[in-house]
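Structure first, commentary second.
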């Protein structure tokens, strides 16, 4: 997947133009292309740079939605979870969870609820839920707080690497015939007789402007959906109600287990997950309403304190700010409620599909787990809007790129055995002692996944920035030099990239001491 090759394919009218390169947009592009529709996807910055790389890394039905009675949403999500494990076993795997109970009534309450969770999954279910004693819970998770512990309920969901799945979706879509372009923001929509027929896009890498035409245009820009809708109709009423969620990354010693913890009730009524991920411990999340979404949201000090306080209650090893390897914030693309006073934590994550009078199709809401179903619904609708030949959706049983890979450490990258061997021979060595990546992997993603800026590699193609922000800063000169070598950049480009990346990392991903300066390493 090379950017110059994608640019060369812009000179014809497409069946479907997708605006937005997150989970939803990439899912729509893959679904559309796999049906044989000519498809173009444009992303303003980088694939999955927004919400889609900042999730809790879970593919799940949503235990908390079951408690609210969203049976339909849970049923659909559990079935999509099963399909995703089947179609992308190299990226998605089962993860067991413990819900610790400190009151006797909680064991039957959660136990019965999770039996229903098992039943709703049907034939696509995972390991069945079970009740454990306090001793059993402590054996599973040695650092669990046993003071007053009555026992717990064990259940299964799935875990994944969100930005890696997004990039594999992009590459699979290209395999299916789609044209995919990053760093190509839409500046305006093109209309003919009052109908949307395309868009004006800027290639910010080469400084060129293009007019691209399509029979149908899909707005899949998540929390930024209203910006595209205003290009269509400046007077349109906003539909998005973005909410910020923050996660902290700690050392694995805080959770030395392959079982995660679900804290079912926080002070604000949400749940918090403490889970093993990529050799570290991931804890989150929060729910903070935002008026104006940003591409690089920043965690608030009280959000960091909130997560640390809740982790402190449930683990014997108490984390402090100095223990946080990285922090990251993401925005949920929630659709506005009918009642203005309804909180974002109470909003349903079900998706919304809208068509404007001009024919602009907007898909909003949803979550990573249901991206494929959202895409299917969208393409079904778009086929009618554009009078395209009716073709069945194929993605329910479509293996993603690399699904058959069994190469240790390379499975998430979609590389063949020959490619992995070639890169390992050509680029020996590790990227950084605290990061699980080789120089070979770094070179592979630079040459095959269209990164434009330094953070594209260190934040999304590799997860260095959210695993250990200081280690990512240390590794940045090596990666920048390799990008310059492979992409023909000069020393001035390297200097600019290092300056901007270091500023980004320290401002948004390194945790300070609450106003007294950055933590020491």
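When peptides 477-483, 457-463, 414-420 are sorted by average Cβ neighbour count within 10 Å, with the highest value leading, the order is 457-463, 477-483, 414-420.
Viscosity 0.692 mPa s, temperature 37 °C: what is the translational diffusion coefficient of the stretch 411-508 from Stokes-Einstein with a Kirkwood Rh over Cα pairs, rounded to a whole number of µm²/s? Intermediate results must be reported in sequence, preceding the final value.
Numbers: Rh = 13.5 Å.
The estimated diffusion coefficient comes to 244 µm²/s.
In percent, rounded to a whole number, the relative contact order of the stretch 97-158 is 51, using alpha-carbon pairs under 8 Å and six or more apart. Between rounded, prolate and oblate, where does the stretch 227-365 land on the alpha carbon gyration tensor, with a ≥ b ≥ c its root eigenvalues, rounded for a/c under 1.5, else prolate if a/b exceeds b/c? Here the stretch 227-365 falls in the prolate category.
What does the highest-first list of 77-89, 259-271, 155-167 look like by mean Cβ count within 10 Å?
Numbers: 77-89: 21.4, 259-271: 17.0, 155-167: 24.3.
Put in order of decreasing packing, that is 155-167, 77-89, 259-271.
From the square roots a ≥ b ≥ c of the eigenvalues of the alpha-carbon gyration tensor of the stretch 102-168, which class results: rounded (a/c under 1.5), prolate (a/b over b/c), or oblate? Oblate shape, in that a/c is at least 1.5 and b/c is the bigger or equal ratio.
Taken along the Cα-to-beta-carbon direction at a fixed 7 Å, the label points for residue 9 and residue 392 span 2.5 nm.
Hey, what did the stretch 411-508 get for relative contact order, percent, Cα under 8 Å, at least 6 apart? Before the final figure, lay out the partial values.
On the way: 93 pairs, mean separation 21.0, N = 98.
So the answer I get is 21 percent.
Between residue 130 and residue 252, the FRET efficiency estimated from the beta carbon spacing at R0 = 22 angstrom works out to 0.30.
Calculate, in nm to one decimal, what residue 75 and residue 486 gain on full extension: separation in residues at 0.36 nm each, minus their alpha carbon distance. Don't skip to the answer; put the middle values down first.
Values: separation 411, 0.36 × 411 = 147.96 nm, distance 4.62 nm.
This chain segment gains 143.3 nm when fully extended.
Would you mind getting me the FRET efficiency between residue 301 and residue 209? Use the beta-carbon distance for r and R0 = 56 Å, nearest 0.05. Don't skip to the answer; put the middle values down first.
On the way: r = 41 Å, r/R0 = 0.74.
Efficiency computed from Cβ-Cβ geometry: 0.85.
Would you please give the FRET efficiency between residue 147 and residue 116, computed as 1/(1 + (r/R0)^6) with r the Cβ-Cβ distance and R0 = 35 Å, to the nearest 0.05?
On the way: r = 30 Å, r/R0 = 0.86.
With R0 = 35 Å, the Cβ-Cβ based efficiency is 0.70.
DSSP beta bridges fully contained in the chain are about 80 percent antiparallel. Classify the stretch 283-336 as rounded, prolate or oblate, taking a ≥ b ≥ c as the square roots of the eigenvalues of its Cα gyration tensor: rounded when a/c is under 1.5, otherwise prolate if a/b is larger than b/c and oblate if not. Prolate shape, in that a/c is at least 1.5 and a/b is the bigger ratio.
Take every Cα pair under 8 Å whose residues are at least 6 apart in sequence, average their separation, divide by the length of the chain, and the relative contact order is 19 percent.
For the stretch 141-167, backbone nitrogen atoms closer than 20 Å to the point 7 Å from residue 86 Cα along Cα-to-C-beta are found at 156-160.
Throughout, read-outs are computed from the coordinates displayed, never taken from laboratory work. Everything numeric here is computed off the predicted structure, so don't read it as measured data. Counting neighbours? That spans all protein chains shown, and the Cβs are built from the backbone with ideal geometry, glycine included.
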